[in-house]
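The next block holds one structure in the form of structure tokens; read it before the comments.
Throughout, read-outs are computed from the coordinates displayed, never taken from laboratory work. These numbers were taken from a predicted model, which means no experiment stands behind them. Cβ atoms come from the backbone with ideal geometry, glycine included; neighbour counts cover every protein chain shown.
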Amino acid sequence: MQAINFTLPESYNALQARNTVCTIRYGDITERYKEGQVINITFGDTYTKKTKVYTAYIDKVLVKPIRLLTGQELNGENDKLNTNDEFLAWYRSAFKKPMNRSDVVTVIYFSEIIG
């Protein structure tokens, strides 16, 4: 089963509290994640053991430039983000990756499967 992995400590806390409804990933990764797919939501650093947080259903997958991200999408990734500029600053700091407002991202909405 495929997984969406989170690596930041604040992401783990939000996942545990069930506050995360989507993730924003760099580039077009629609070949990897499809609507209706069942996945594991995991947490852990690259090349280390991962903790399974829960199993989820992918509700929606969107591809768009960063400048078109909505407040709902930003808050779904991190509830402290309200603007695209805040997202860019947060992403650059967290992932040490240069980005600009025209770069394409994939927004993956997911829901926990209970039972």
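Can you list residues from other chains, or at least 5 along the same chain, whose modelled amide H is less than 5 Å from the amide H of residue 3?
40
Expressed as an acute angle from 0 to 90° and rounded to the nearest 10, what is the orientation of the C-alpha long axis of helix 84-95 relative to the principal long axis of the chain?
Orientation of helix 84-95: about 60 degrees from the principal axis.
Amide H neighbours of residue 105 under 5 Å, counting only residues 5+ apart in sequence or on other chains, H built in-plane at 1.01 Å?
Residues meeting the criterion, in which the H sits 1.01 Å from N, are 27, 64, 66.
Would you indicate which of (i) 13.4, 41; (ii) 18.2, 49; (iii) 15.4, 42 is the value of Rg and Dmax of the Cα atoms in Å derived from the coordinates of this structure?
Of the listed options (i) 13.4, 41; (ii) 18.2, 49; (iii) 15.4, 42, (i) comes from this structure.
Using 1/(1 + (r/R0)^6) with R0 = 35 angstrom and r between the beta carbons of residue 54 and residue 102, what's the FRET efficiency to the nearest 0.05?
Working: r = 34 Å, r/R0 = 0.97.
Once the sixth-power term is evaluated, E becomes 0.55.
Could you give each residue of region 54-63 its phi-based ³J(HN,Hα) in whole Hz, using Karplus coefficients 6.51, -1.76, 1.60 with θ = phi - 60°, and x for Gly or Pro?
5, 9, 9, 10, 7, 7, 7, 10, 10, 10
Could you work out how far apart the two model spin labels at residue 93 and residue 64 are, taking each label as a point 7 Å from the Cα in the direction of the beta carbon, and quote it in nm?
In this crude label model, residue 93 to residue 64 measures out at 2.4 nm.
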